[in-house]
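All of the numbers you see were taken from the coordinates with simple rules; none came from a lab. Computed from a prediction, not measured in an experiment: that's the story for all the values here. A quick note on method: Cβ atoms are made from the backbone with ideal geometry, for glycine too, and the neighbour counts reach across all protein chains shown.
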Amino acid sequence: MSALVEARGLAVGYGAAPVLGDVDFALEAGERVGVLGPNGGGKTTLFRALLGELRPLAGELTVAGRCGTVPQTERSRLDFPVSALDVALMGTIAGRPWWRRPGRAERRTARAALGRVGLEQLAERTFGELSGGQRQRVLVARALVQEARIVLLDEPFTGLDAASAERLEALLDELASEGRGILIATHDVDQARAWDRVLCLNRRQIAFGPPAETLTREVLAATYGGAIVTLPAEDGREALALLPPHHCDHEHSA
Amino acid sequence: MTVLASVLTALGDPWDQGIMQRALLEVVLLGLVGGALGCWIVLSELSYGAESLAHGMFPGLVLAALTGIPLLLGGAAGILVAALAVALAGRVPGIGRDNAVAVVVTTLFGLGVLLALSPSSPPGIQGLLFGDVLGTSAGDLLDGAALAAVVLAALWVLHWRLLAVGFDRLSARALGAPPLLADAALLILLALAVLVAVQGLGNLLVVAVLVAPAAAARLLARRLLPMMATAVAIAIVAGIAGLYLSYYVRVAAGASIAGFMVLAYALARLATLAESLRGAATLTEAN
Amino acid sequence: MLMADVLDAFQLPFVQRALVEVLLLSVAAGALGTWIVLRGLAFYAHGVAAAAFPGLVLADGLGFSPPLGAFGVALLFALLVGRLSARGRSGHDSLTALVLVGALAVGIVLASDVFHSAANVETLLFGSLLAVGPGEIRLAAVVAVLAALATYLLGRRWLAVGFDAGAARALGVRSPAADAVLLVLIALAAVATLSAVGALLSTALLVVPAATVRLGTRRMTPWQLGTVALTAFEGTAGLWLSFQTNAPPGATIAVIAGGVFVLAATARVSAGPLRRLLGDDAAPVAAAATLRGGR
């Protein structure tokens, strides 16, 4: 079986200089891969490259299948006047000629996807009024509507209570068992131990492989920058001193 | 009964005149375009851009008025130049976009005033600055209706792509809605809408119809389509109210229309404020 | 002879008064314009000046001191928008635009239909050589002194916040009071520029020269001194052109300042390849990106 995503010697960045380099990994169908690293370590940059927003500066990146994305909810605007159903329907845009609007078939698909993530009752609710976990599930439903074979989740567990996190985790298991490939950026090293593989990034690829062999003290220290991470059980939040590169622009600070 | 009858006469009276009928149609066109597109302008936080384009097109309008070519052409050329100048200035390193836009707009607006107020120019700059909704001709209405139809059709077709970009810029591209394309489309539609509205409200007051009704509707509606309908309704009602005011009290029509639109926003704001206060009060009572 | 013409114009008392006014204002513009550019307050400065317009009309019609009326309304605007902008950016640009257009509408109705001072509208919006009296000069002098003093005393705080509001708070640089002073001073300066350049073109003095000098220097003191000099030069040239063409001084100063900016930007960019200025995007895309950022 060929990989859904394959990166060989990949380097990506916003200008001429790469902010992430030496990336070599593969995402197989049915796998959940945790992407670990400090803020500014390149997780978001990798996702943007997978989504086609950034072109590789060097190396190769093959993406065999549509990418659906579940961004951090802070980024989606909570006061935007859309319902959960509207958000799910956004997944139908690419599959339609540009002059057509969503019809009955698309609405049925979107409702069915909301049903799969357990939110059929809340389809008409304003997106911003849903709880954090419900919002994540709406965005997963949007990826389902897109028929995405690859799903990228950016810190989906941040700010969720235990019950919502468990529910989301079960949903991700289900998606993987259907043969989708799941990439999950996270700070939670412990949680990543339950997944199939982990990819450790800190401006370059530190390690890639099954968590049991990969998540050694040395790898974690290299990933999170020095000796600050001493206990793997702590998720290394204290070590995250680096700012993402696009936040260092003085022009926008006022 | 006589009171009712006289009120009805007073309400119906203005519309016997051709000037007022054309003004009414112009106000409806304004409201349709301004209200609908305004929602995207407010949601995308493009108010400063709208204001800048409206001001920056001024030399184009003045040149058209001086040389006798149609205002619509002059305005279109003016907007094109303004947009190009803004695009270039935004790329000058080191001063920031906000300032770049301010520099371009100040310069172009100053240039327009210089052309319009030099002694060799005929009088009548105020019509360009503040609009002349009562001077709308049948030809103006036809042009306006054609542009309005283009804007509304484009909004209808682009709706879902604009929605995806407005909701979440960063993942919109993966959904098949490239953000830069949506930006460019909004900019072009904004230019068209300014062209429709400039006849009625003039270069300075155009931004009222593009921002105020939509900003008010945003406070009142919780979905985009109702928000657009509310904004259009507010814009048309405010426009008609402005026409009545100018008919009976003889104040400047464009200014009173713009004034009513801003007033509508202020009322909507007060209403939501009162509601949240009442909500807070019931909460404290419950505790 | 051109030089003689120039000197001729400046021998008339009302032109001399306007010249003194512009020179005083250039001190204020040099001190405050740099902060406006650094902090991205250009739209605010524009809005506050435009908001002063109905105040001017009211003062003109009711016969009290115009700067007082203008400053009253401008202060109201500063409080309203300043508070909101301090809380967060969202919706702040819509509000600025609304207050601005509302103020214009009220001002026009007042001017053309209540006080029947329609002939004055152009003067109030675009400035006039004849509008500068001793009262205006006194106001400009006060603003110049206040702006220089405040820059000396508070510059460090404004600078810290200018580069990173969050970091400034973390470093314990308490910004709210210093910020409020800056916003009020800008309102005061905008009001002071009204007589010379009018309610709609105050950015010609307050923003454009500072943005031009910024192209050449990144350090604060040379930037401020350069802005004072450039504003004085552009203001003087604008007054002369206004005298020659009979056009409002606001318009001539705006066009001259814009022309100088274009020259400076061209010089700056031609150092690098022109390709970078033109870029690789289509023009509407670039314009959209700039307008989006410029809120």
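Taking θ as phi - 60° and the Karplus parameters 6.51, -1.76 and 1.60, the scalar couplings of the range A:129-139 work out to 8, 6, 6, x, x, 5, 4, 4, 5, 4, 5 Hz in sequence order, x denoting glycine and proline. Which residues does a label at A:Asp79 reach in the range C:24-66, if reach means a backbone N under 20 Å from a point 7 Å past the Cα toward the Cβ? So the set is C:43-44. Using the average count of surrounding beta-carbon atoms within 10 Å as a protection proxy, the listed peptides B:61-69, C:226-234, B:4-12, A:58-66 rank, highest first, as C:226-234, B:61-69, A:58-66, B:4-12. Using the average count of surrounding beta-carbon atoms within 10 Å as a protection proxy, the listed peptides B:13-21, A:112-120, C:237-245, B:97-105 rank, highest first, as B:97-105, C:237-245, A:112-120, B:13-21. Entry note, chain A: the mean residue ellipticity at 222 nm calculated from DSSP H runs of n ≥ 4, each adding -39500 (n - 2.57), is -8000 deg cm²/dmol after division by the residues and rounding to the nearest 500.
Between C:Val20 and A:Ala163, the simple label model (points 7 Å from Cα in the Cβ direction) yields a spacing of 7.7 nm. For the segment C:253-261, counting C-beta atoms of other chains within 10 Å of every residue's C-beta and taking the mean gives 6. For the protein assembly as shown, the C-alpha radius of gyration sits at 1.02 times the compact-globule guess of 2.2 N^0.38 Å, with N the residue count. Once the Cα-Cα distance is subtracted from the 0.36 nm per residue extended length, the A:Ser177 to A:Ala3 segment shows a gain of 61.1 nm. For the range A:75-147, dividing the convex hull volume of the Cα atoms by the residue count gives 89 Å³ per residue.
For peptide C:39-47, the mean count of partner chain Cβ atoms within 10 Å of a residue's Cβ comes to 6.
Residues considered: A:Ala141, A:Ala192, A:Ala212. Largest GNM mean-square fluctuation over chain A, using C-alpha springs under 10 Å, is found at A:Ala212.
With distances taken between every two different alpha-carbon atoms, chain B has a Kirkwood hydrodynamic radius of 20.1 Å.
Computed from the C-beta positions of C:Gln244 and B:Thr67, the FRET efficiency with R₀ = 30 Å rounds to 0.80.
For peptide B:49-62, the mean count of partner chain Cβ atoms within 10 Å of a residue's Cβ comes to 3. Summarising the amide proton neighbourhood of A:Val70: residues at separation of 5 or more, or on other chains, whose placed amide H is nearer than 5 Å comprise A:Leu152, A:Leu153, A:Asp154.
Placing R0 at 60 angstrom, the Cβ-Cβ distance between A:Arg116 and B:Ala138 gives a FRET efficiency of 0.60 after rounding to 0.05.
Model label points for C:Asp8 and B:Val3, set 7 angstrom from Cα along the Cα-to-Cβ axis, are 7.1 nm apart. At an R0 of 41 angstrom, the distance between the Cβ atoms of A:Glu53 and C:Leu149 translates into a FRET efficiency of 0.25. For the range A:75-147, the Cβ-based charge dipole about the Cα centre amounts to some 200 debye (Lys, Arg positive; Asp, Glu negative; other atoms uncharged). Across chain B, the relative contact order, built from alpha-carbon pairs under 8 Å that are at least six residues apart, equals 28 percent. Taking label points 7 Å from Cα along the Cα-to-Cβ direction, B:Leu80 and A:Trp99 give a separation of 2.6 nm. Couplings for the range B:171-187, taken from phi via the Karplus curve 6.51 cos²θ - 1.76 cosθ + 1.60 with θ = phi - 60°, read 9, 4, 4, 5, 8, x, 10, x, x, 5, 5, 4, 4, 5, 4, 4, 4 Hz in order; Gly and Pro are left as x.
Hey, if you put +1 on the Cβ of every Lys and Arg and -1 on every Asp and Glu Cβ in the protein assembly as shown, which of A:Gln205, C:Ala232, A:Gly13 ends up farthest toward the positive end of that dipole? Value: A:Gln205. Add +1 for every Lys or Arg and -1 for every Asp or Glu among the other residues with Cβ under 14 Å from the Cβ of A:Asp196, and state the total. For residues surrounding A:Asp196, the net value is -1.
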